[in-house]
Each structure stands twice: as structure tokens, then as C-alpha cells.
Amino acid sequence: SKIIGKGGLVSQYAFEVGAELKFCDYQAGFTKITGSMHADIDSIDALILRARELIEAGNVIAADRLYRLVMHLTAPPWTGRSRIARGEAAANFARNAHGMKKHGIAADWFFMALEADPLCIDYRCELARSLVAHGALKPAQRQASIATDIEPASSVAWQTLGGVESDLLDEKACIEAYEKEIETAVNAGDVVGASDAY
């Protein structure tokens, strides 16, 4: 439920500083609202964990506020862990945009996620899907191909590339990619089955 009135102003501040919502009925209660937010990696890790918990609980709005704070706290230059955190936060906003069928915005967010975490093939595959939905098949093909280069043993990367090649009507490349998907899945002991999405 939406917090309105003076409580809404307090709640907005609380979310911006990474406070934790404890209850929200007639009144709202927060913990960790006082003091300043330190941008050390442990506090960023804690924000990421809380954001994940909120996503799992279905509280996307509160999670988005924490991810926005992570974006603020992880401006470049990065350490290794802050890169990962920034990538996850950007990918969260990309998935939100993709879910709303705002595929160009989703692609922009996925590019931002990859700027922070360029070796994450999940972001590349999701970027490829957003690019396909946006009608940018050749850039999608490039991202899916890069994903297979980064992690040749990933059946998901090969499945994504196969789907893009199918959309490009390249039968030979499509079959080759799907054969690699099956090969990598079998080698990993995964169950191979038909999928209506790549």
C-alpha cells in the first residue's frame, strides 16, 4: 500500500537512505534510518541482499529504491564487488523495462549493467532478447555470439544465439547453435527440452 501524507515524506527519505521497512499498516515503521549511509562494500552488499529479499517477497517498489541507492553508491571507478553490485542493480531496471515492453530502455540498462560487469553472460543474453524485441537483430546476434565466446559451455548462451539466428532466418547457423546448446546441456547433465522462449 502507498504511504501518504507526512508519513509519505518520511518514508521516501527512509527508502532513499536504505532504511528497512518493518511494518506498514496505519503507521509505517523503519529501522536503520538514522546516521549516514557509508559507501563501503559491506553496506552495498547488505543493500543488494535486502533488495533480493524484497524481490522474492514481491515488493518490487521497495527493491527498486534500494537498487537505485546501489546505483548511486557505485559510481565509477569501481572495485570488483561494487562492479557486480552495480551490474545487478542496472539489470534489475532493465528487466523492469523489458517486462513493460520498453525494450529500448531495457537495452540501455543492460548496456549499463555490462559496462560494470562485462563478463556476465546472463546480461548479454537478456540484452539480446531485448534487442530482438526492439527489432535490432544484428546487434542481438553480436551480443549472443559474445556470450558464447565468453562462456562456450553455457547452454543458455547457445540457446539465445540459436533463437536470434532463427529470427534472422539463417537456418544453418540456427541449427549449429541449437546443436551446441544440446551438447553443452548434456555435458553439464542438464535436462534438454523444447522452450518457447530463448
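The values are calculated or read from the model by the stated rules, or taken from the named source; none is laboratory data. These figures come from a predicted structure and were not determined experimentally. Positions of Cβ are backbone-derived with ideal geometry, glycine not excepted, and every protein chain shown enters the neighbour counts. Accessible surface is based on the protein model in full, side chains and every heavy atom, while ligands, DNA and RNA are left aside. Shrake-Rupley method; radii C 1.70, N 1.55, O 1.52, S 1.80 Å.
Please go through segment 68-79 and give me each residue that is open to solvent by 60 Å² or more (accessible area, probe 1.4 Å) and not in a helix (DSSP H, G or I), ordered by number. Of everything in segment 68-79, those that are open to solvent by 60 Å² or more (accessible area, probe 1.4 Å) and not in a helix (DSSP H, G or I) turn out to be Pro76, Pro77, Thr79. Screening segment 91-198 for helices (runs of 4 or more DSSP H) wholly inside it with 3 or more residues that are over 24 Å from Ile48 (Cα atoms) and without any contact (Cβ under 8 Å) to a residue 24 or more places away in the chain returns the ranges 137-150, 171-188. Of all residues in segment 111-136, those being in contact with a Lys or Arg (Cβ under 6 Å, 6 or more places away or on another chain) and open to solvent by 60 Å² or more (accessible area, probe 1.4 Å) number 0. Of all residues in segment 37-50, those satisfying the criterion of being open to solvent by 30 Å² or more (accessible area, probe 1.4 Å) and without any contact (Cβ under 8 Å) to a residue 40 or more places away in the chain are Met37, His38, Ala39, Asp40, Asp42, Ala46, Leu49, Arg50.
For the condition hydroxyl-bearing (Ser, Thr, Tyr) and modelled with pLDDT of 95 or more, Tyr198 does not qualify.
Per this entry, Val164 is not counted among residues that are β-branched (Val, Ile, Thr), open to solvent by 40 Å² or more (accessible area, probe 1.4 Å), under 16 Å from Ala128 (Cα atoms) and modelled with pLDDT of 95 or more.
The conditions are (1) part of a helix (DSSP H, G or I); (2) surrounded by fewer than 17 Cβ atoms within 10 Å (Cβ to Cβ), and Ser82 fails exactly one of them. Which is it? In the conditions (1) part of a helix (DSSP H, G or I); (2) surrounded by fewer than 17 Cβ atoms within 10 Å (Cβ to Cβ), Ser82 misses (2) alone.
Within segment 51-67, if we keep just the residues that are part of a helix (DSSP H, G or I) and either touching a Gly at 6+ places or on another chain (Cβ under 9 Å) or without any contact (Cβ under 8 Å) to a residue 24 or more places away in the chain (or both), the residue that is least open to solvent (accessible area, probe 1.4 Å) turns out to be Leu66.
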